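The values are calculated or read from the model by the stated rules, or taken from the named source; none is laboratory data. Quantities reported herein were computed from a predicted structural model and do not represent experimental measurements. Here the Cβ positions follow ideal geometry from the backbone for every residue, glycine too, while neighbour counts run over all protein chains shown. When the accessible area is computed, the model is the full protein with side chains, heavy atoms only, and any ligands, DNA or RNA have been set aside. Shrake-Rupley method; radii C 1.70, N 1.55, O 1.52, S 1.80 Å.
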Amino acid sequence: MAHDAAIATTHPVSFLEERGRFTGILSWIFSTDHKRIGILYLFSMLAMFLVGATFAFLMRLELIAPGKTIIEPQTYNSFFTLHGVIMIFLFIIPSIPAAFGNFFLPIQIGAKDVAFPRLNLLSWWLYISGAALAIYSLVSGAAPADTGWTFYAPYSIRTGTNVSLTVFAAFVLGFSSILTGVNFITTIHRMRAPGMGWFKMPLFQWALYATGWIQIIATPIVGITLLLVIFERAFGIGVFDPTKGGDPILYQHLFWIYSHPAVYIMILPGMGVISEMIPVFARRTIFGYKFIAFSSLAIAFFGSLVWGHHMFVSGQSYTADVVFSLLTFLVAIPSAIKVFNWVATLYKGSIELESPMLFSLAFIFLFSIGGLTGLMQGALAVNVHIHDTSFIVGHFHYVMFGGTGFAFFGALHYWFPKMFGKMYNRKLAKIAWGFMFVGFNTLYFPLLVIGWMGMPRRYYDYLPQFHTGHLISTIGSWILITGILLVLYNLGRALIKGEKAGQNPWGGATLEWQTSTPPPLENFEKIPEVNRDPYDFRGIAVQ
Amino acid sequence: MTDFLSLQRSIPLTKSIAIRKTWRRSLQMVGTTEFAVAKHSDYTGAKIGMWLFLFTELLLFGGMFVLYSVYRYKYAHDFHIAAYELNQLMGAINTVILLTSSLTMALSIAALQRANRKLSNIFLIITIVLGVLFLVNKYFEWSAKIEHGIYPNSPLLARSFNNGETLFFGLYYAMTGLHGLHVVIGIGILTFMLYFINRQPTTQFAIEPAQVDELRGSQLKIEDRQGRKLWDGATIGNSVRRISITFKHYATDETFDRTNITKLENSGLYWHLVDIIWIFLFPLFYLIT
Ligand code: HEM
Ligand SMILES: [Cu+2]
C-alpha cells in the first residue's frame, strides 16, 4: 500500500496556499472563503483602528494644556466626530464578529463555511464601501462632520459640514452588519456538525448567536433614522425639525433604540472570546456553561429595553426615567454572572500567563470598572451630575476599549497562530500587553476623576483645575499607543519571519484546534463527529 | 460490484459518466465505492435567511411607522385635514395593482414548482409589468402634488399649512418614497430571476477532499452505454485537491436549475413584503380622513 502511505504523509494544503480562480490580491477580495473574508476584515479593521487612534492621539495632544495647543476648535470637533464614527462603526462593532467570528464560527461548529458565502463577501464589500465613504467625507464637502458620532438632531440637520455623507457611510456599514448577522444565525441553526448540540457549542458561538440577533433587531432602526437625517438635510421633510413641528427627542429615541443594543453588539463577542480563553489558560472546564450561554441571550434581551438611560436629562417623562433606570440595573445581572463565572473558572486552575490570558485578565478588571461606572450612571440622581462629562468618556472607553478592545487583542494573540500558521515572540507580546494595560489606565482613569469634578465632554478647552488630569491622561495615551505599536510590530514580524506554529499551541479543546494549522480550504479533511464538551481538556496535548 | 463510480442525479443525462478507478501501476481494475454527491443547497437555510432579512425590512419601515403614530397622535386634526389632499382613487388603483401582482407572483412560483417554466415566465413578466405600472401611477401622483406646490420644504407648505400637515406630507414622501424604492429593487430582483430561470443551467458535482484521496490514480472518462470511450480526461494525481464536474444543459422544463425554485420563492416573499407594507401605507395616508 505504498500509494496510501504517500497520501497520508502529504501535508494538508492550507487555505492560504490553496489556489482558486484568481491569484494575488484578487484571490482575497473576491474569495468567498469565510477564512479569507475574516482576514480581510481583520486587516481593514486594524487599518481603520490606526486611523481612529491617530485622531485620538491628536485630540489628546491638544488637550495636554488649556488653550490652543495644536489644532483649531472646529478641527477638534471634527476629530472627535470622526474618531467616534470610525471607532464605533468601523472598528468595534465589526471587530470580533466580522474578523474572528467569520474565521472561527464555521470551524468551531464543524462546518465548511457559513450558510451564505457570497453574501458574506458582499458584507465585506459593503464594509469597505462604508469605510471609503467615511474617509471620503473627511476630505470632500465644506468641512468634515462635527456632530459627534451620535448625529443628534436638530444640530445635525443644520450644520453646514459634511454630515450627509458621513451618515450615509454609517448606513452602509449598518447594512453590512445586518447581512453578517443573518448569515451567522442561519449558519449556527443549520450547519452544526453531527453531534454538535446547542450545549456542545463553544461559548463564543452563543455570544455570536446573541449578537446576530441584536444586529438584526436593532440595526434597521438606526438605518432608517440615519436615512431620515439625510432626507431632512436634503429635502427638509421636518420629522426631526422643531421649526416644522418635528421632535428632536424622537431622534434620540430612535438613535438609542439601536445604539444602546449596539453596545452589546460590541461587548458580547468580547465576552465570548474571554469565555474561550479563560478555560484554556486555566486548564479547567468553564464554570457554569449554561449560565454564561443564557446570560448572553438575557443581555441581548434586556439590553434592548434600556435605551432611555441616555436621555435622563433630555426631557423624557419622569416615569420613563424611572423605568429605564430600573431596567438598566437589571442588565447588570447577566453581565455580573459572567464575571463571577470567569473568576470561578480561574479558582484552583493551573493558570498560564500567556499573552491571551493577560488580555483576558485585563478584560475582567477593566470591564468591571466600566460596568460599575455604568451602574453609577444608571442611577438617576448621579446621572444628572455627570451627564456629558468626561466621566462618561472614561466609562465607555473602559467598557468598549478596556472590554471589547482588550478582548479583541486577546483574541488576536490567541488565534493568530491558527490563522496564519506563525508564532509571534511571546515575551514581547507580554511586554506590549504591559504597556497597553498601564497606558490604558493612565489615560482613562484621570478622565473619570476630572469628569466627576465637572470637566465637560467634547470640550476643546478647559479650566485650569483640570490641567493635571488632562496632562496625566495625555501621557497615558503615549504609553498606550506605544503598546499598540509594539503589538502590531510583533505580529507583523511574526507574519514575515515567525516560526511555524503547531496545530494546538495552547492546548485548546474546541474544534479549531483539531484541524491542521492553518486550516485547509474546507476546514476539515473530514467533517468531524462531535462527542465531547468544548472545555473538556482530558487527553488534549499541546502541539 | 460495479467497476465504476457513478454520479447520480435526478436529472437524466444522455450519457452516463464514469470515473474508472484503476491502479496506476498494474492497470488492474479494483472495486469502487459509490459516492453520493449532494449538490450544496439547503432549502430550510435559505428560507431562514430570507425571513430574517424580511424581518429587518419590517423593522426599517417600523421606525417610520413609529414616527407616524407619534405625530398622528400629536397632530390628529392636521393629519385628518391633510389626508384630503391625497387622491384616494389613485391610491386604490395602486392597491389593486399591487395585490394583483402578488397573486401573479404566487402563480409564477406555483408554475415553476410544477416545472412549467413557460407559464412561470408569463406570470413573472406580468408581475414585473404590474410593478412598473404601480411606479408610473406613483409618478403621476407625486408630480401632481409637486405641481400644486406640496412637497417638503416648499414655500406653500411653510406659508399656508400647519405643522402637523407639513409633517404629514414629509412622512408621506419619505414613506411612499422608500416604499417605491423597494418596488424598484423588487422589479430588479424579478428581472434577474427571469434571466436565472431561463439561462443554460449548470450542475456541479463536487467531490470532497477526503473522497478525492480514494480516487487518486484514477482517470476521468466519459463513455456511452455500450462502454465506448467518448472522452479521456486527466489522471487524478497527488496534486489534485478537489474535483468538481460541471455540466451545462439546455434549459428545458426538465433540466432547468431547480435551485431557482427556492430563489423564486424567496423573491416572491420579498415582493409580498413590499405589498404588505403598501397595504399599511394606503389606509394610513389615504383612507383615515
Ligand atoms: C487609541 C486610544 C484612544 C484614545 C487616546 C482615545 C481618546 C478619545 C478622546 C480624547 C475623545 C474625545 C473626548 C471628548 O472630547 O469628549 C474620545 C472620544 C470617543 N472615543 Fe476614544 N480614544 C481611544 C480609543 C477608542 C476606542 C478603541 C474606541 C471604541 C471602541 C473609542 C470610542 C470613542 C467614542 C465613541 C468617543 C466619543 C466621540 C463623540 O463624542 O462623538 N475610542 N476618545
Ligand atoms: Cu446605553
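Can you give the helix-only mean residue ellipticity at 222 nm for the protein assembly as shown, where every DSSP H stretch with n ≥ 4 adds -39500 (n - 2.57) and the sum goes over all residues, rounded to the nearest 500 deg cm²/dmol?
-21000 deg cm²/dmol
What ranking of A:TYR152, A:TYR318 comes out by heavy-atom accessible area, probe 1.4 Å, highest first? Each step should come with its number before you reach the end.
Details: A:TYR152 65, A:TYR318 165 Å².
Final ranking, largest accessible area leading: A:TYR318, A:TYR152.
Do the alpha carbons of any pairs in A:LYS430/A:LYS526; A:LYS112/A:LYS290; A:LYS422/B:LYS248; A:LYS112/A:LYS422 sit beyond 31 Å of each other, and which pairs?
A:LYS430/A:LYS526; A:LYS422/B:LYS248
How much accessible area is lost when chains A and B come together, counting both sides, with a 1.4 Å probe, in Å² rounded to the nearest 100?
3600
Between A:ASP533 and A:LEU380, what is the FRET efficiency for a Förster distance of 45 Å, r being their Cβ-Cβ separation, to the nearest 0.05?
On the way: r = 44 Å, r/R0 = 0.98.
The value I calculate is 0.55.
Among A:LEU380, A:GLY502, A:HIS83, whose Cα lies farthest out toward the positive end of the dipole of the protein assembly as shown, if unit charges sit on the beta carbon of Lys, Arg (+1) and Asp, Glu (-1)?
A:GLY502
Using alpha carbons only, how many degrees (0 to 90, rounded to 10) separate the axis of helix A:318-346 from the longest principal axis of chain A?
With rounding to tens, the tilt is 30 degrees.
Roughly what would the spin-label model give for A:ILE333 and A:LYS497, points 7 Å off Cα along C-beta, in nm?
5.7
If the reach is capped at under 20 angstrom between alpha carbons, list the aspartates and glutamates near B:LYS229, excluding any in the same chain fewer than eight residues apart.
B:ASP3
Binning every alpha carbon pair distance of chain A at 10 Å from zero, what are the percents per bin?
Whole-percent P(r) values from 0 Å outward: 4, 18, 29, 28, 14, 5, 1, 0, 0.
Among the aspartates and glutamates, which fall within straight-line cross-link reach of B:LYS74, defined as a Cα-Cα distance under 14 Å, with same-chain neighbours fewer than 8 residues apart omitted?
By straight Cα distance, B:LYS74 reaches A:ASP247, B:GLU165.
Could you work out how far the C-alpha centroid of the stretch A:514-538 sits from that of the stretch B:163-181, in angstrom?
54
Hey, got the average number of other protein chain Cβ atoms within 10 angstrom for residues in B:151-164?
Partner-chain Cβ atoms within 10 Å, mean over residues of B:151-164: 3.
What's the center-to-center distance, using Cα atoms, between the stretch B:260-289 and the stretch B:98-161 in Å?
10
Given labels modelled 7 Å from the Cα in the Cβ direction, how far is it in nm from B:GLN211 to B:ALA92?
Rounded to a tenth, the inter-label distance reads 6.1 nm.
Give me the aspartates and glutamates in straight-line cross-link reach of A:LYS200: C-alpha distance below 17 Å, same-chain residues under 8 apart excluded.
Partners within reach: A:GLU276, A:GLU512, A:GLU529, A:ASP533, A:ASP536.
Per the Debye formula with a single identical scatterer at each Cα and no solvent contribution, what log10 I(q)/I(0) holds for the stretch A:105-230 at q = 0.12, 0.19 Å⁻¹?
Calculated log10 I(q)/I(0) at the listed q: -0.55, -0.97.
With a 1.4 Å probe and all protein chains left in place, how much of the accessible area of the stretch A:174-306 comes from carbon and sulfur atoms, in whole percent?
On the way: 2300 of 3210 Å².
Carbon with sulfur: 72 percent of the solvent-accessible area.
Over chain A, what is the relative contact order in percent, taking alpha-carbon pairs closer than 8 angstrom and at least six residues apart?
Relative contact order for chain A comes out at 17 percent.
Using a 10 Å cut-off around each Cβ of peptide B:171-179, what is the average number of partner chain Cβ atoms that fall inside?
Across the residues of B:171-179, the mean count of other-chain Cβ atoms within 10 Å is 3.
Calculate, for the protein assembly as shown, the solvent-accessible area per residue in square angstrom, rolling a 1.4 angstrom probe over the heavy atoms of the protein chains.
41
If each of A:ALA344 and B:ALA76 carries a label point 7 Å out from its Cα toward its Cβ, how far apart are those two points in nm?
5.4
Might you work out the accessible area of A:TRP433 for me, using a 1.4 Å probe with all protein chains in place, and round it to the nearest 10 Å²?
My reading of the accessible area for A:TRP433 is about 50 Å².
If I take every Cα pair under 8 Å that is 6 or more residues apart in the stretch A:437-543, average their sequence separation and divide by the length, what percent do I get for the relative contact order?
26
Taking the highest mean first, how do the peptides A:181-191, A:243-253, A:214-224, A:56-66 order by number of other beta carbon atoms within 10 angstrom per residue?
Going by the mean number of other Cβ atoms within 10 Å, highest first, we get A:214-224, A:181-191, A:243-253, A:56-66.
For B:ARG114 and A:LEU372, what is the calculated FRET efficiency with R₀ set at 51 Å and r taken between the beta-carbons, to the nearest 0.05? Walk me through the numbers before you get to the answer.
Numbers: r = 64 Å, r/R0 = 1.25.
FRET efficiency, B:ARG114 to A:LEU372: 0.20.
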